[in-house]
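Accompanying notes for the structure given below.
The values are calculated or read from the model by the stated rules, or taken from the named source; none is laboratory data. Worth saying up front: this structure is predicted, and the values here are computed from it rather than measured. Cβ sites come from the backbone with ideal geometry, for glycine too, and all protein chains shown count toward neighbours. When the accessible area is computed, the model is the full protein with side chains, heavy atoms only, and any ligands, DNA or RNA have been set aside. Shrake-Rupley method; radii C 1.70, N 1.55, O 1.52, S 1.80 Å.
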Amino acid sequence: MDHISRIGVFIAVVKAASFAGAAQSLGITSSAVSKQIQNLEQDLQVKLLNRTTRNVSVTEEGAIYYERAARALEDLQEAEEEINELRSHPRGPLKVSFPQSLGSKYFSEAIGSFAAQYPEVELDVSLDERFVDITAEGFDLAVRIGSLKDTSLIARRMAACPFILCASAGYLETIGTPQTPKDLIDHNVLAFTGNSGVHEWRYCDRSGRTGQINLHGTFKSDSGDILCSAAVQGVGIAVLPIFYVAEHLKNQNLQVVLPRYVTSPERDIYAVFQPNRFQSARLRLFVDHLVEVSKRLPWEI
């Protein structure tokens, strides 16, 4: 085994904190792992690991060597991946997260077409309404809606995502149509409980003046689909992202309420990913694909 390979064995031991764990991950025996660590220490003329019957820990010199060696090995692996992807088709794992309703309603076909076009990319697609931690949960990409708070991530805008105030014609005929935001006080406004729990509407009129009003309602849910269905059934007025209600507005199951006002602040749909020094071709291609598909969303036309 050459010197670079021994470095890989050393890194595996530190990560696993044991010879047995490193052996299992590398597919070799524990004695072979021990032998390669001894050879590496002989090459460097320094003790890298403290060994006991129960565990393995790095020495001070070992910790310094691990930090530099792990970074160097990562650079080599990234360089190899970049070269391979420049001369061949993109391949490898790609783990992505979509909001459930947005993904299933408007991006399922696009995700399938990408998988068909790049069969060597190992797609792992998660549809979930919760806010995922990209780094901690190992996602390469997450599609998010709204304003972005984490400045450590890179975001690419895909499309606008206005929040629409809407209700069924039956509800408006029975209860009345609001003419100003203050009129909402007398209406049953469906509450979404998936965010902060504050039931209010922030708005902006055509002249740019902003305001907000506290809302009241007898129906609440953490599911936008449930709230949309309730609005269609005439339960009350809903304030929902456009992708929930676009088709219902088109077929007139729902009508826009207070069309002279818009929900504030304006929201967008973003593709969000980590600012790694090297972005794989499969990730770049997937983001480009999403941006192109987003140009054909019914509310973007």
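Starting from the Cα gyration tensor of the chain, multiply each eigenvalue by 5, take the square root, and state the resulting semi-axes largest first in whole Å.
Largest first, the chain gives 54, 21, 16 Å.
Add -39500 (n - 2.57) for each DSSP H run of 4 or more in the chain, then divide by its residues: what number comes out at 222 nm, to the nearest 500 deg cm²/dmol?
Details: 9 runs with 114 residues, N = 301.
When only DSSP H runs of four or more count, the value is -12000 deg cm²/dmol.
What number, in nm² with one decimal, is the all-direction average of the projected area of the convex hull of the alpha-carbon atoms of region 1-147? Present the calculation step by step, with values, prior to reporting the outcome.
Values: hull surface 49.8 nm².
That works out to 12.4 nm², a quarter of the Cα hull's surface.
Could you give the DSSP H helices of the chain that reach 18 angstrom or more along their long axis (alpha carbon positions) and whose average Kyte-Doolittle hydropathy is no lower than -0.5? It would help to have the intermediate numbers written out before the result.
Values: long enough: 3-16 (20 Å, 1.41); 30-44 (21 Å, -0.61); 60-87 (41 Å, -1.04); 281-294 (20 Å, 0.61).
Those that clear 18 Å and a mean of -0.5 are 3-16, 281-294.
Residues of the chain: accessible area per residue at 1.4 Å, in Å²?
Accessible area per residue, the chain: 57 Å².
Ranked from the most accessible area to the least, with a 1.4 Å probe and all protein chains present, what is the order of HIS187, HIS89? Can you show the working numbers first?
Details: HIS187 20, HIS89 125 Å².
My answer, sorted largest first, is HIS89, HIS187.
Take every Cα-Cα pair in region 261-301 and report what % of them are more than 13 Å apart.
Working: 538 of 820 pairs.
Percent of Cα pairs beyond 13 Å in region 261-301: 66.
Report in % the part of the accessible area of the chain that belongs to carbon and sulfur, leaving out ligands and nucleic acids; probe 1.4 Å.
Values: 8320 of 17060 Å².
Carbon-and-sulfur percentage of accessible area, whole number: 49.
Put +1 on the Cβ of each Lys and Arg and -1 on the Cβ of each Asp and Glu in the chain; which of LEU127, ASN276, GLY146 then has its Cα farthest toward the positive end of the dipole?
GLY146
For region 27-66, max minus min Cα coordinate along each principal axis, in Å, sorted largest first?
Taking max minus min along each principal axis of the Cα atoms, region 27-66 gives 26, 24, 15 Å.
How much of the DSSP beta bridge set in the chain is antiparallel, as a percent to the nearest 5?
Numbers: 27 of 39 bridges.
Given both bridge residues lie in the chain, the antiparallel proportion sits at roughly 70 percent.
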